[in-house]
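Quick notes on the structure that follows.
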């Protein structure tokens, strides 16, 4: 898996909350057994008209977002099913990181991302960043004001910096284990192999105690 330390790119905004995985990549595109080719169908039902032409009313079809690699959305992004294809589609459309706000609703705090989506993202080198509602609102405002606005996402320092005439930065929190996984480009297999010596020592000890009788013929 590719590592993620720092990335600079154009910001695109999608002003919608509760975007579920069926909206990110509709079910009819899950038939392929390959792990490629999902990018063109990201947000398919919003992005395209029934005749297959681009829908000009969909924000991400705006020419100024054509080369965007940072996506800013509203809260509870990636809810719904557990399909990992949603993360693949976002990545294959050129997005490296998604930023979403948590939101307080009475006594309930709604997270920026659904838990399963967040976990799938971390396992596939897509960085999910959660900021406060006020911080995300400010990003939306700046993107509206400055066409082609770029930001740098620095995972080492845990900062998002908007490249404005006077730079504006936001600090974000991230689980230490997720950060390590992304910085070092470790998928589940890579994490397991970090303990290869311990695994080999355990197997050697197990074999010395029980011999080969436990092995399949």
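Taken together, the values in this text are just the output of simple stated rules run on the coordinates, not laboratory data. Every value quoted in this text rests on a predicted model; they were computed, and no experiment measured them. For neighbour counting, all protein chains shown are included, and Cβ atoms are generated from backbone atoms with ideal geometry for every residue, glycine included.
Want the number for residue 175 to residue 137: 0.36 nm per residue separation, take away the alpha-carbon distance, what's left?
11.3 nm
Could you tell me whether region 97-196 comes out rounded, prolate or oblate from its Cα gyration tensor? Rule is a ≥ b ≥ c as square roots of the eigenvalues, rounded for a/c under 1.5, then prolate if a/b exceeds b/c, otherwise oblate.
Judged from the Cα gyration tensor, region 97-196 comes out oblate (a/c at least 1.5, b/c at or above a/b).
Between residue 8 and residue 161, how many nm apart are label points set 7 Å from Cα along the C-beta direction?
Distance between the two pseudo-spin positions: 0.9 nm.
Can you give me the Cα centroid spacing of region 145-172 and region 72-88 in angstrom?
Comparing the Cα centres of region 145-172 and region 72-88, I get a distance of 23 Å.
Rg/Rh for region 1-154: what does it come to with C-alpha atoms and Rh from Kirkwood?
0.94
For the chain, modelled as a Gaussian network with Cα springs under 10 Å, which listed residue fluctuates most, 31, 173, 123?
Sorting by GNM fluctuation, first place goes to 31.
How long is the gain from residue 82 to residue 105 if the chain were fully straight, where each residue apart is worth 0.36 nm and the alpha carbon distance is subtracted?
5.9 nm
What length, rounded to one decimal in nm, is gained on full extension from residue 115 through to residue 36, with 0.36 nm per residue of separation minus their alpha-carbon distance?
Stretched fully, the residue 115-residue 36 segment lengthens by 26.1 nm.
Give me the percent relative contact order of the chain, please, defined on Cα pairs under 8 angstrom at least 6 residues apart.
Across the chain, relative contact order equals 24 percent.
For region 22-123, what's the relative contact order in percent, using C-alpha pairs closer than 8 Å and at least 6 residues apart?
Contact order relative to length: 30 percent.
One quarter of the convex hull surface, Cα atoms only: what value does that give for region 1-70 in nm²?
Averaging across all directions leaves 6.3 nm² for the Cα convex hull.
For n ≥ 4 DSSP H runs only, could you compute -39500 (n - 2.57) per run for the chain, divide by its residues and tell me the 222 nm figure to the nearest 500?
About -8500 deg cm²/dmol.
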